[in-house]
Amino acid sequence: MASLGKPSALVRPTLDTKFHIDYDWWERSNDDLRIYLLSHLPPERRSHLSQISEGEVVDYIDPDTAEVFQFDALQLALQESAKDPEFITPQTATVDGIFRIFLRNKNQPLTSRELGEQLGKSPDTILRTISGRQIYKGIRPIVN
């Protein structure tokens, strides 16, 4: 999953700057993406995944576009979990909620305004959270 655009410390993001999950950041970080992704699944799905061999690939047909994708079991579980209305709740931590929005929308870039609308939080709060010096869970601005 390649990143879109090139993040830069020289550009100060605004409410209209688009953000995404930068999977290249995950590759460079000491954090384990798979473990973090598993944390977004309900306990019963996590339990089920423990019985499936890692890397097992299944076909997934997007119900909106009819495109066929090959997902591993974790990716498929995330796609199915993201459809649940309880995937993001008011109790979900802000950064986790933002990350889950990107999981749900297949990492399509969104602005702080769009993220705030979906989370029910102030766009200013969202922007302050994800535009600082610290990068949370690979959520970064897209700079063209």
Describe numerically, in nm with one decimal, the distance between label points set 7 Å from Cα along Cα→Cβ at Leu37 and at Gln91.
2.6
Given 5 Å bins starting at zero, what is the percent of C-alpha pairs of the chain in each, up to the one with the largest pair distance?
2, 9, 18, 21, 20, 16, 9, 4, 1, 0
Counting only other residues whose beta carbon sits under 15 Å from that of Tyr136, what net charge do I get with K and R as +1, D and E as -1?
+4
Full-extension gain between Arg12 and Glu117, please, as 0.36 nm times their residue separation minus the C-alpha to C-alpha distance.
35.7 nm
Net charge over other residues, Cβ less than 11 angstrom from the Cβ of Glu114 (K, R count +1; D, E count -1)
0
Set Lys and Arg Cβ to +1 and Asp and Glu Cβ to -1, take the dipole of the chain about its Cα centre, and tell me which of Gly116, Phe69, Leu41 lies farthest positive.
Gly116
Give the Rg/Rh ratio for the range 15-94, taking Rg as the radius of gyration of the Cα atoms and Rh as the Kirkwood radius, to two decimals.
0.99
Could you give the nm distance between label points at Val58 and Glu80, where each point is 7 Å from its Cα heading toward the beta carbon?
0.4
Magnitude of the Cβ-charge dipole (Lys and Arg +1, Asp and Glu -1) of the chain about the Cα centre, nearest 20 debye, reported as 760
Pairs from Lys18/Lys137; Lys83/Lys106; Lys83/Lys121 whose Cα-Cα separation, in the structure shown, is over 18 Å
Lys83/Lys121
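Readers should treat all values here as calculations from the given coordinates under stated rules, not as data from a laboratory. These numbers were taken from a predicted model, which means no experiment stands behind them. Because the Cβ atoms are built from the backbone with ideal geometry, glycine has one as well, and the counts that use them run over all protein chains shown.
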